[in-house]
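Scroll down for the structure; my scribbles are underneath it.
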Amino acid sequence: MSSSGKRRKSRELAMQMLFQGDIGKQTPEQVQHSFWDARSDADLDPDTRGFAEDIFRVASVREAEIDSLIEQHSANWRLTRMPAVDRNVLRAAVAEMLGFPATPAPIIINESLEVARRYSAPESINFLNGVLDAIAKSRVKSS
C-alpha cells in the first residue's frame, strides 16, 4: 500500500472510531480498547494505526472546539440532525486540520470526501465539501 493509501486508511479508521464512540455512546478510552480488538486487520502497520489513533485523539481532546466549528459552518445544520457518518467524517477532517496543520487543507478535504464516498450517501458529498471548505477558509483567515 502506498503512503497515500496508508493515510487514507488511517483517516477511514479514525472516522470509524469516532462513529463507534458516537453511536455506541462510548468514551474515547472504551473505543480505543475495543476498536482494535474487534478488527480482523488489527495487525495493520504501525504507521497506519498510529495516524488513525492520532486523529482520533485530537478529535476526542478537542471535541467541543471541533463540534463548534462544524456547527458554525454548516448552514444551520445542528450536529444532531446530520447523518452519523457525515458528522464523524467532518469531525475526523477538522481534527486533522487542527492537529496536523502542515497537511494542506485541500488534501485533508479530498481524502475525507473519498472516505465519505465509501460510507455516506451520494448527496452528502457536496454538503461535506462545503462545510470543510468553509472551515478551512476560516482557519486561514484566523491564522
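Observations on the structure shown:
- Restricted to the stretch 75-143, the set of helices (runs of 4 or more DSSP H) holding at least 3 residues that are under 22 Å from GLU53 (Cβ atoms) and not β-branched (Val, Ile, Thr) comprises 84-99, 105-119.
- Among the numbered conditions (1) at pLDDT 95 or above; (2) under 15 Å from the mean Cα position of the chain (by Cα), the only one that ALA134 does not meet is (2).
- Among the residues of the stretch 102-120, those that are farther than 14 Å from LEU90 by Cβ and out of contact with any Lys or Arg (no Cβ under 7 Å at 6 or more places or on another chain) comprise ALA102, THR103, PRO104, PRO106, ILE107, ASN110, ARG117, ARG118.
- Exactly one residue out of ALA134, ALA84, ALA116 is within 17 Å of PRO28 (Cα to Cα) and of a type in the set (A, V, I, L, M, F, W, C): that is ALA84.
- Pick from the stretch 27-54, criterion part of a loop (DSSP other than H, G, I, E, B) and over 17 Å from the mean Cα position of the chain (by Cα), ranking: surrounded by the fewest Cβ atoms within 10 Å (Cβ to Cβ): SER40
- Residue satisfying all of: in the stretch 55-83; closer than 15 Å to VAL94 by Cα and basic (Lys, Arg); least open to solvent (accessible area, probe 1.4 Å) among these: ARG62
- If you go through the stretch 9-26 and keep only what is more than 17 Å from ILE66 (Cβ to Cβ), of a type in the set (Lys, Arg) and assigned to a helix (DSSP H, G or I), you end up with just LYS9.
The values are calculated or read from the model by the stated rules, or taken from the named source; none is laboratory data. The structure presented is a predicted model; accordingly, all values stated were derived computationally and were not measured. Don't worry about glycine lacking a Cβ; one is built from the backbone with ideal geometry, like all the others, and counts go over all protein chains shown. Quick note on the areas: whole protein, heavy atoms, side chains included, nothing else; ligands and nucleic acids left out. Shrake-Rupley method; radii C 1.70, N 1.55, O 1.52, S 1.80 Å.
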